[in-house]
Amino acid sequence: MVDSPVVTVHGEASREVPPELAQFSVTVQARDKDRQAALARLAERAAAVRVLIEEYTDAVERRETGALQVRPELKRSGERVVAYNGRVTTTVTVTDFTVLGELMLRLADQDQVEISGPWWSLRPESRAAVEVRQAAVRDAIERGREYAGALGARVTALLELADEGGADQPLMMARAGFSMGEAPELELDPQPQTVRAAVRARFAISEPDLG
């Protein structure tokens, strides 16, 4: 028994879509010669940041606090502590981009606060990723038919379909530098996210007509 001829093809799809999420980090710092004073100041500033973020509950999907760092600052020669430095970073995930710039500027106006971001992304379960994977499968089917047709044959069955993965979604970042004087405005342009998918498919085809 002779096995049916087989055609192996790759299917690909790519699409640019608007981001669904924006993340940025806000770091609060404090320094004092007295350890308890440094900790109290750090807690006070972190609480002020928390209160401000809570004003945007409709826009903020998630708020996650990272590691708290408190370290002694030593004199260059010897082990004598000259001050204590503390910092705590919170990552904020925003879904309403219309207030993103305003929120970041208001946070940056707080005492001893550092802002970084935003990083744009899609949700892990984004519908856009599903649609691109489906498009990659359709591309593989079309290529299989084209190769079979070029041989004077037709596709008769799908033997294998494998996901070859795609490029990771880029977390695009837009940095902004500003100084707080008169209440400035900051407009951020969400950067499109590129979603890719690739598959490998093996099709059984009818006997080629090579005449």
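The values are calculated or read from the model by the stated rules, or taken from the named source; none is laboratory data. Note that the structure is predicted; figures quoted are calculated from it, not measured. FYI the Cβ positions are ideal-geometry reconstructions off the backbone, even for glycines, and counts take in every protein chain you see. Calculation scope for accessible area: heavy atoms of the full protein, side chains included, ligands and nucleic acids excluded. Shrake-Rupley method; radii C 1.70, N 1.55, O 1.52, S 1.80 Å.
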Tell me the relative contact order for the chain as a rounded percent, counting alpha carbon contacts under 8 Å between residues six or more apart. 35
Answer label, with Kirkwood radius over Cα pairs in Å calculated from the coordinates and candidates (1) 21.5; (2) 17.0; (3) 19.0: (1)
Would you please give the residues with an amide H less than 5 Å from that of TRP119, counting only those at least 5 places away or on a separate chain, with H modeled from the backbone geometry? GLN23, PHE24
So for R0 = 22 Å, FRET eff. of VAL82-GLU44 from the Cβ-Cβ r, to 0.05, ends up at 0.50
Of every hundred units of 1.4 Å-probe accessible area on the chain, the number belonging to carbon and sulfur atoms, as a percent, is 46
How long is the gain from VAL130 to LEU52 if the chain were fully straight, where each residue apart is worth 0.36 nm and the alpha carbon distance is subtracted? 24.4 nm
Cα→Cβ-extended label distance, 7 Å offset, between THR91 and LYS33, nm: 3.9
The rounded separation in angstrom of the Cα centers of the range 52-99 and the range 124-149 is 44
Can you give me the distance in nm between label points at THR194 and GLU142, each placed 7 Å from the Cα along the Cα-to-Cβ direction? 2.0
Could you please report the charge total around PRO18, scoring K, R as +1 and D, E as -1 over all other residues with beta-carbon less than 15 angstrom from its beta-carbon? -2
Under a Gaussian network model of the chain whose springs join Cα atoms within less than 10 Å, the largest fluctuation of PRO72, PRO118, PRO192 belongs to PRO72
Gaussian network model of the chain, springs between alpha carbon atoms under 10 Å - residue of THR27, THR98, THR194 with greatest fluctuation: THR98
Sort TYR56, TYR84 by heavy-atom solvent-accessible area, probe 1.4 angstrom, most to least. TYR84, TYR56
